[in-house]
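Just so it is clear, none of the values below were taken in a lab; they were calculated from the coordinates. Treat the numbers as computed from the prediction; the structure is a model and nothing was measured. Cβ placement follows ideal geometry from the backbone for every residue including glycine, while neighbour counts extend to all protein chains displayed.
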Amino acid sequence: MLIVVTVAVLLAAGLLAYAFFEEVDARRSVEVLRSRVGQYGVATAASDPLGASAVPSSLAERLGSPVVRGLRRFAHQLAPSGYLERVRRQLTLAGHSQPADVDRFLVVRLLTVVAIPVLWLVVALDTSFHGVSLVALFVLIGLALVLGPESWLQQSVVARQSAIRRRLPDILDLLTISVEAGLGFEQALARTVASVPGPLSDEFARALGELRAGASRVEAFMAVVARTEVPELRTFILALIQAEEFGISVGSILRAQADEMRVRRRQYAEERAHKAPVKMLVPMAFCILPAMFVVVIGPAAISIIHALSHVGAA
């Protein structure tokens, strides 16, 4: 019972920290918007949507902001050299590119590390494990809390890259149809983004926003490559940039890339299918085969043991 209460308290603390971050981020974004508007000489009134009354200073924010700032500052101080940049890179690849996402992840890592000795103490006082079993349980708890956030982040990156890889041929097909129907590339891309939801469409929508803000096509699309790190997408964007530089028709490039990406997707599916038997060996060897041996050989072994015992007694 004590373990359940402790886990509930830790989860509640994590949820409170996340809620406090959300409130502080909302207030900070309002302050940034007010400062930008103030640069143009426009004063924000008290009733202005960008004013302070849009996000009231609640009791939770007044009490939680110092705690959140302290946890964030402490987590930044404990982070080793280069760890922040690596976490920021992984979060970007996972689709969490906001600066506050790094702070949230660091706070979660700090809470998981702090929870290790607490759970060790709870397990030592509230369970009947002793000796090797208790040490194994301690090791399991420590590994789960230390490696859990990193594993979640890595799995998020892999899942997002797989989703982008699967969706790329469909987006290229729709782009090809739209361009050959007479639309410009950016108009076709905007229509495709609106029709096909997903992480790749989100990245292309962000690239379109950067183009409207004044960035060049090379900068906008190379930023997409940097935020995804998917080889197939990099190949398509490099071909698109070369077509723009050399004056090649975008429609022909899109059709060729769509055909190539369909072939790559089929090859990727075949590769994963060929890896499946190898991955099944471990659960079969350690989970299925021992149970089969017990069921098949167990009765025969019991009969042999009984027969040998009768012979020895005689």
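Let me understand segment 129-254 better: what is its radius of gyration from the alpha carbons, and its Dmax, in angstrom?
Radius of gyration, then largest Cα-Cα span, for segment 129-254: 21.0, 74 Å.
If you take the Cα Rg of segment 98-167 and divide it by 2.2 N^0.38 Å, with N the number of residues, what do you get? Can you show the working numbers first?
Details: Rg = 16.6 Å, N = 70, 2.2 N^0.38 = 11.1 Å.
Rounded to two decimals, the normalised Rg is 1.50.
Starting from the Kirkwood radius over alpha-carbon pairs of segment 235-279, derive D by Stokes-Einstein at 4 °C in a medium of 1.567 mPa s and give it in µm² s⁻¹. It would help to have the intermediate numbers written out before the result.
Working: Rh = 12.1 Å.
Calculated translational D: 107 µm²/s.
Is the C-alpha gyration tensor of segment 210-287 telling us rounded, prolate or oblate? Criteria: a/c under 1.5 is rounded; beyond that, a/b larger than b/c is prolate, otherwise oblate. Working shown, then result.
Working: a/c = 5.37, a/b = 2.24, b/c = 2.40.
Because a/c hits 1.5 or more and a/b fails to exceed b/c, segment 210-287 counts as oblate.
Using the per-residue mean of other Cβ atoms lying within 10 Å as a proxy for protection, in what order, highest first, do the peptides 284-295, 171-182 fall? Present the calculation step by step, with values, prior to reporting the outcome.
Values: 284-295: 10.3, 171-182: 18.7.
With the highest mean Cβ count within 10 Å placed first, the list reads 171-182, 284-295.
Across segment 94-106, in residue order, what do the Karplus-derived ³J(HN,Hα) couplings come to in whole Hz, using 6.51 cos²θ - 1.76 cosθ + 1.60 with θ = phi - 60° and x for Gly and Pro?
7, x, 10, 9, 6, x, 5, 5, 5, 5, 4, 5, 5
Excluding G184 itself, what net charge comes from residues whose Cβ is under 13 Å from its Cβ, given Lys and Arg +1 and Asp and Glu -1?
Numbers: positive: R191, R217; negative: E180, E186, E244.
Here the count lands on -1.
Which distance in nm do the two modelled labels at R217 and S81 give, with both placed 7 Å along the Cα-to-Cβ direction?
4.4
Can you compute the label reach from A307? Point 7 Å from Cα along the Cβ direction, backbone N cut-off under 15 Å, restricted to segment 268-301.
297-301
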